[in-house]
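The values are calculated or read from the model by the stated rules, or taken from the named source; none is laboratory data. As the structure is a computational prediction, the values presented were derived from the model and not from experiment. Note that each Cβ is placed from the backbone with ideal geometry, even for glycine, and that neighbours are counted across all protein chains shown.
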């Protein structure tokens, strides 16, 4: 009995840590860390844009599969849906007290006010709009979705960017070297 309790005490905290991880929004998705192609327009890494007109991006999740669906990484309420800036869906995550912004969504499947579950289809990812160097050497297009995390500051009634570490999302991670491209050689 003592050993059982000891093992339970060791395993339980790790179970809770893992359950606090967000799922990957694309089934075959991966995050490229360290890739830079055109620094002014595109980075496949964790970054924060300082320009006020461009919202911050915490993760760019890529896939080569046109048929992949963008899935909700949390349970919550859809608080914004717009096609104006490339397809944006914002969800208030009830469990983690975060607001998650999904950017670059095609074929949006949810409406403002909907309550959604983890894994529910939000839409489809957009095709990469910026060609990498030597793009003609690649076979497939790359599709992507940008994810950003915010908290609501009730005193000033504004959204505050609240970035998460790459370890907090359960996507495959590809660490890129100096000349890594956003498409995979075939």
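Might you check whether a residue that is part of a strand (DSSP E or B), surrounded by fewer than 18 Cβ atoms within 10 Å (Cβ to Cβ) and touching a residue at least 24 places away in the same chain (Cβ under 8 Å) occurs anywhere in region 104-113? No, because not a single residue in region 104-113 is part of a strand (DSSP E or B), surrounded by fewer than 18 Cβ atoms within 10 Å (Cβ to Cβ) and touching a residue at least 24 places away in the same chain (Cβ under 8 Å).
Of the set (1) within 16 Å of residue 62 (Cα to Cα); (2) modelled with pLDDT of 80 or more; (3) surrounded by 14 or more Cβ atoms within 10 Å (Cβ to Cβ), all apply to residue 181 but (2). In the set (1) at pLDDT 85 or above; (2) over 23 Å from residue 114 (Cβ atoms), residue 69 fails one condition alone, (2).
When you look at residue 131, is it farther than 13 Å from residue 63 by Cα, in contact with a helix residue (DSSP H, G or I) (Cβ under 9 Å, 6 or more places away or on another chain) and either in a loop (DSSP other than H, G, I, E, B) or modelled with pLDDT under 65 (or both), yes or no? No. What do you reckon, is residue 59 within 28 Å of residue 107 (Cβ to Cβ), modelled with pLDDT of 50 or more and surrounded by 10 or more Cβ atoms within 10 Å (Cβ to Cβ)? Yes, satisfied. Tell me yes or no: at least one residue of region 158-173 is modelled with pLDDT under 60, in contact with a strand residue (DSSP E or B) (Cβ under 6 Å, 6 or more places away or on another chain) and on the phi < 0 side of the Ramachandran plot. Within region 158-173, none of the residues are modelled with pLDDT under 60, in contact with a strand residue (DSSP E or B) (Cβ under 6 Å, 6 or more places away or on another chain) and on the phi < 0 side of the Ramachandran plot.
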